[in-house]
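Laboratory data are not the source of any read-out in this text; all were calculated from the coordinates shown. The model shown is predicted, which means the values in this text are computed figures rather than measured ones. Note: ideal-geometry Cβ built from the backbone for every residue, glycine included; neighbour counts use all protein chains shown.
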Amino acid sequence: MIDTLALAITLPLLGALAAVARPRAARAIGLITALVTTAGVAALVIEVAQFGLRRTDLGGWGAPLGIALQADGLAAALLAMTNLVALAVSLYASDYFGDGPIRRHFWPLWLLLWAALNGLFLAADLFNIYVALELVGLAAVALAALTGTREALTASLRYLLASLLGAITYLLGVALLYAAHGTLDLGQLANAIAEGPVAWTALVLMTGGLSIKAALWPMHFWLPPAHGNAPAPVSAALSALVVKAAFYLVLRLWFGLYDTAATLAAAHFLGFLGAGAVLWGSWQALRAARLKRMAAYSTVAQMGYLFLFFPLLAAAEPGAAREDLLAALVLFALSHGFAKAALFLAAGHIQQCAGHDRIAELSGTAQRLPATTFVIALASVTLIGLPPSGAFTAKWLLLSGAIAAGQWWWVLVVLAGTLLAAAYSFRLLGRAFGFEPTPYRCITAVHTEVPALALALTATLGLGLAGDALWPLLQVGGPR
């Protein structure tokens, strides 16, 4: 029987090795690997939906000695989004880099990042999560520096230092738990962890390290320059996938591993950091002069919304209301992943055609690049949280949960963030529909616009109309 858990990691890893060995064929190898990997992960997601929790112990060694891979409903949902976005990014990147040396460097690093992301979602113990987390960080930093410009190298160096700091801090927390319990398996630790100084210190360290990697305000300092100066396919992956992977681990820690030990006061602290991210990120996006910088600050804001769910989940009793909040949180994360990837791909196409991404000089984009402008409009629907997007459903459940829990102050944050998101989105679209002449070097490019359009439609219509499929999927193991 084919082990779909192992294939999700080995396929992109083998593709990366093949791209290194045959650099002239890197593009073809990358595209074939992208298609095969996505098909393999689709089979895994279907297995989880039909047969429940999937687990394999590599080499036949069980916990706590062996390396275990595990997929529950939460992991399956994030894997599905990650691999669909990665497939779209791969198709977009196939012509984005031309025939220069950057393309040969891109594919091995990109496939390595893909393998590490899949490994992170499937790892069943804290140390192998750390290994995958480090690989994700190193590959992402290298990809962000691909252009070799001074700005990109400076931003990537800052990103590297922040990523290493986050990883080391996380590892210190892992070491404390291992010293206290003698195992790092998530299932065994969940039964062993109890309230106490060691458990709380480990939680603070791991959450702090992952918050740096997730760019949670005010630890977001590395994100806007890194995402703004990276090539468009890389920016899409960083914003949609890499920061989401770190958030996924925070969610695993708080409502899986530490579900009985985390305190409501600590959850409120994360919620207030999330509120700061929503307001600060949205305000900076509104003030941004460049399209990619606007999208990067929007990512800071959108990540903040995810942390607003934490005090509501911590206060909710087990039951249908808590499960709705968790499903809304995942739906919001998936919607943001698809929409933000689409926005960055559209921004990259505009930058290639116009030679820049200065918002004030993008008048006439709707006339010259109608499909790309449509992608931006669809992505904006999700980022604002308008119907019929999945983000609208998620925000509605967030507001309902806040009112039901008596935590009304989060309602004010969501409303302010939504108004600011509408302001910076309509600022961009208003400029795009202007009639001032703007020189563009191309009119349309279907091969680059189709992947972005597919992602935007998935975020707006796919998750909006079929998002209810998440509820039964998330019942398969995982946090409740």
Using the Cα centre of segment 287-480 as origin and beta-carbon charges of +1 (Lys, Arg) and -1 (Asp, Glu), tell me which of Ala342, Gly385, Met294 is placed farthest towards the positive end of the dipole. Met294
If you rank Phe433, Phe307 by fewest surrounding Cβ atoms within 10 Å, what's the result? Phe433, Phe307
For n ≥ 4 DSSP H runs only, could you compute -39500 (n - 2.57) per run for the chain, divide by its residues and tell me the 222 nm figure to the nearest 500? -24500 deg cm²/dmol
One-quarter of the Cα convex hull surface for segment 287-480, in nm²? 10.8 nm²
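Quick one: putting +1 on the C-beta of Lys and Arg, -1 on the C-beta of Asp and Glu, what dipole do you get for segment 287-480 around its Cα centre, in Debye to the nearest 20?
Details: 13 positive and 8 negative charges, 120 e Å.
The calculated dipole for segment 287-480 is roughly 580 debye.
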What FRET efficiency comes out for Val450 versus Ala25 if R0 is 30 angstrom and r is the Cβ-Cβ distance? Round to the nearest 0.05. 0.80
Positive end of the dipole of the chain, charges at C-beta (+1 Lys, Arg; -1 Asp, Glu), about the Cα centre: which of Thr149, Gly271, Ser400 has its Cα farthest in that direction? Thr149
What is the spin-label model distance, in nm, from Leu264 to Arg55 if the labels are put 7 Å beyond Cα along the C-beta direction? 3.2 nm
Among Ala360, Ala76, Tyr130, the residue whose Cα sits farthest towards the positive end of the charge dipole of the chain, when +1 is placed on the Cβ of each Lys and Arg and -1 on the Cβ of each Asp and Glu, is Ala360
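Classify segment 260-399 as rounded, prolate or oblate, taking a ≥ b ≥ c as the square roots of the eigenvalues of its Cα gyration tensor: rounded when a/c is under 1.5, otherwise prolate if a/b is larger than b/c and oblate if not.
prolate
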Listed with the fewest Cβ neighbours within 10 Å leading, Tyr178, Tyr96, Tyr170, Tyr424 appear as Tyr178, Tyr96, Tyr424, Tyr170
Around Phe332, with a cut-off of 14 angstrom between Cβ atoms, what is the net charge of the other residues, counting Lys and Arg +1 and Asp and Glu -1? +2
Log10 I(q)/I(0) at q = 0.06 Å⁻¹ for the chain, from Debye over equal alpha-carbon scatterers, is -0.24
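How do His336, His105, His220, His356 line up, fewest other C-beta atoms within 10 Å first?
Details: His336 29, His105 20, His220 26, His356 13.
Ordered from fewest to most neighbouring Cβ atoms within 10 Å, His336, His105, His220, His356 come out as His356, His105, His220, His336.
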In nm, the gap between the two label points placed 7 Å beyond Cα toward Cβ at Trp200 and Ala289 is 4.7 nm
For segment 386-406 versus segment 181-200, the gap between their alpha-carbon centres in whole angstrom: 33 Å
Under a Cβ-only charge scheme (Lys and Arg +1, Asp and Glu -1), can you give me the dipole magnitude of the chain about the Cα centre, in debye to the nearest 20? 1320 debye
With each label point set 7 Å from Cα along the Cα-Cβ vector, what nm distance links Ala423 and Asp468? 3.7 nm
